[in-house]
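Colleague: For reference, the structure I am asking about is given below.
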Amino acid sequence: MKKQDLSQLARLGLSSAGVRRGEVLVLAVSGGPDSMALLEVMRKLAPSVGWRLQIVHVNHGLRPASKREAKLVQAYCAKYKLACSVETLRWPARLRQAKTRVEETARELRYQVLRKMISQLGARWIVTAHNADDQVETVVFNFLRGSGVRGLGGMRTVSGDVIRPWLTVPKTALLKYVKQHRVPFAVDETNLQPRFTRNRIRHQLLPILRSYNPKVDEILLQNSGLFQQADWVLRDLARQYMNLIGTVKSDKVNISISRLRELVPLMQMEVVKVAIEKVAGPAYNWRGSHFQEVMKLLAGPGTQGEKRLPGKLLVARSRDTITISRG
């Protein structure tokens, strides 16, 4: 990949997302080389464009090194007089000891903290240091768990209230940057532990794929862009179909089952997604299993029934109508 100017990419990415002069940006900083590179670049860039920074470090409390990482971020912010908040997660014992969903749960709790901060500040944006390596791993991870078009597109540069300006930047470039500029950073030792799926993808699966094609990372990034375009087209069509076969009433959506069944399965799923997001919002953590639950309801015996989905969503069937609401 060609050399990219990190500051220019950050400025362009944030400006394109609609960040205005004078706005507060919440930076998610773990203390690793990627996020510390983001912190260094944004510290230098923000004054020239009138952005104000609020640094947030989330201590997951799962590793002995967590406290050292928090202190590293705090020390950097103190040195440059940056607003910094360190939040420590409180994990129930059952989750702390769980072998599965640790990464996913940590991510969900982390974004809860970040969104609480933007709410308190009256801010609009969270900025993260996700990079090209993260994008490649996300695409492969989503493929392995059976994601559709949307998941194969990976992360978006702008997704709801989150901006990721460096999705085209390889991790090696960020590591080189922090070393050249003598920016302190921490290394998370759990990134080497094979019990986490992403680590196995990073250290085991991707090296095998690269042995078949050294340019596999570049190909996956290109394909993720194509899948994102396909997703935009599908969602636009789904919204049009939704307007034809459904109605929206304040906090609920009604859809004609017979009209929905006229569509191919892929478009049925997209219409159901649009309906759910009209009720739950665009940040809803949609999964293919949710669609399967809805389709079971439609295919089941009788004309009445209901299913509950995460986020206190109720999907109810009454004769030829399916209703999605908060329940």
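Colleague: If you take every residue apart from Glu23 with its C-beta less than 13 Å away from the C-beta of Glu23, what net charge results, scoring Lys and Arg +1 and Asp and Glu -1?
Modeller: +3
Colleague: Which of Gly300, Val73, Val149 sits closest to the plus end of the dipole of the chain, meaning its Cα is farthest towards the positive end, when Lys and Arg get +1 and Asp and Glu get -1 on the C-beta?
Modeller: Farthest towards the positive end: Val73.
Colleague: Follow-up question, since we're still on this one. Given N residues in the chain, what is Rg(Cα) / (2.2 N^0.38 Å)?
Modeller: 1.09
Colleague: How high is the FRET efficiency between Arg195 and Thr172 when r is their beta carbon distance and R₀ equals 30 Å, given to the nearest 0.05?
Modeller: 0.75
Colleague: Now, a different point. Run a plain Debye calculation on region 228-326 (Cα atoms as equal point scatterers, no solvent) and give log10 I(q)/I(0) at q = 0.17, 0.21 Å⁻¹, rounded to two decimals, same order as the q list.
Modeller: After summing over all Cα pairs, the log10 values are -0.69, -1.10.
Colleague: So, counting K/R as plus one and D/E as minus one, what does the shell of residues with Cβ under 11 Å around Thr190 add up to?
Modeller: Taking every other residue near Thr190 into account, the sum is 0.
Colleague: Exceeding 28 Å between C-alpha atoms, which entries from my cross-link table qualify? They are Lys71/Lys215; Lys171/Lys273; Lys44/Lys116.
Modeller: Lys71/Lys215; Lys171/Lys273
Colleague: To the nearest 10 degrees, how steep is helix 216-245 against the longest Cα principal axis of the chain, on a 0 to 90 scale?
Modeller: Tilt relative to the chain: about 40 degrees.
Colleague: Taking the Cα centre of region 228-326 as the origin, how large is its charge dipole in debye, to the nearest 20, when only Lys and Arg (+1) and Asp and Glu (-1) carry charge on their Cβ atoms?
Modeller: The calculation lands at about 320 debye.
Colleague: Distance in nm between label sites at Arg63 and Gln120, each 7 Å beyond Cα in the beta-carbon direction?
Modeller: Using points 7 Å along Cα→Cβ, the separation is 2.5 nm.
Colleague: Give me the tail of P(r) for region 94-178 as a percent: Cα-Cα pairs with distance above 16 Å.
Modeller: 65 percent
Colleague: Under the classification rounded if a/c is under 1.5, otherwise prolate if a/b is larger than b/c and oblate if not, where does region 106-247 fall, given a ≥ b ≥ c as square roots of the Cα gyration tensor eigenvalues?
Modeller: oblate
Colleague: What value, in deg cm²/dmol to 500, does the helix sum -39500 (n - 2.57) over DSSP H runs of n ≥ 4 give at 222 nm once divided by the residues of the chain?
Modeller: -16000 deg cm²/dmol
Colleague: Follow-up. Please give the length that would be gained between Gln222 and Leu12 if that part of the chain were fully extended, namely 0.36 nm times their separation in residues minus their C-alpha to C-alpha distance (nm, one decimal).
Modeller: The Gln222-Leu12 span can extend by a further 73.6 nm.
Colleague: Could you give the angle, 0 to 90 degrees to the nearest 10, between helix 265-280's Cα long axis and the longest principal axis of the Cα atoms of the chain?
Modeller: That helix lies at roughly 70 degrees to the long axis.
Colleague: Now a separate question. Which order do the peptides 188-195, 127-134 come out in when sorted by mean C-beta neighbours inside 10 angstrom, highest first?
Modeller: Packing order, densest peptide first, comes out as 127-134, 188-195.
Colleague: Could I ask something else about it? Which is farthest toward the positive dipole end of the chain among Thr323, Leu313, Pro47, measuring Cα position about the Cα centre, with Cβ charges +1 (Lys, Arg) and -1 (Asp, Glu)?
Modeller: Pro47
Colleague: Between Ser250 and Asp188, what is 0.36 nm times their sequence separation minus the Cα-Cα distance? Round to one decimal in nm.
Modeller: 17.8 nm is the gain from fully extending Ser250 to Asp188.
Colleague: Cα centroids of region 218-259 and region 134-155: how far apart, whole angstrom?
Modeller: 18 Å
Colleague: Compute the long axis of helix 288-299 from its Cα atoms, compare it with the longest principal axis of the Cα atoms of the chain, and write down the angle in degrees, 0 to 90, nearest 10.
Modeller: 10 degrees
Colleague: Under 9 Å from the Cβ of Glu69, count the other residues' Cβ atoms, weight Lys and Arg +1, Asp and Glu -1, and hand me the total.
Modeller: +3
The numbers here are math on the coordinates, done by the rules we state, and not lab data. Because the structure is predicted, anything quoted here is derived from the model rather than measured. Note that each Cβ is placed from the backbone with ideal geometry, even for glycine, and that neighbours are counted across all protein chains shown.
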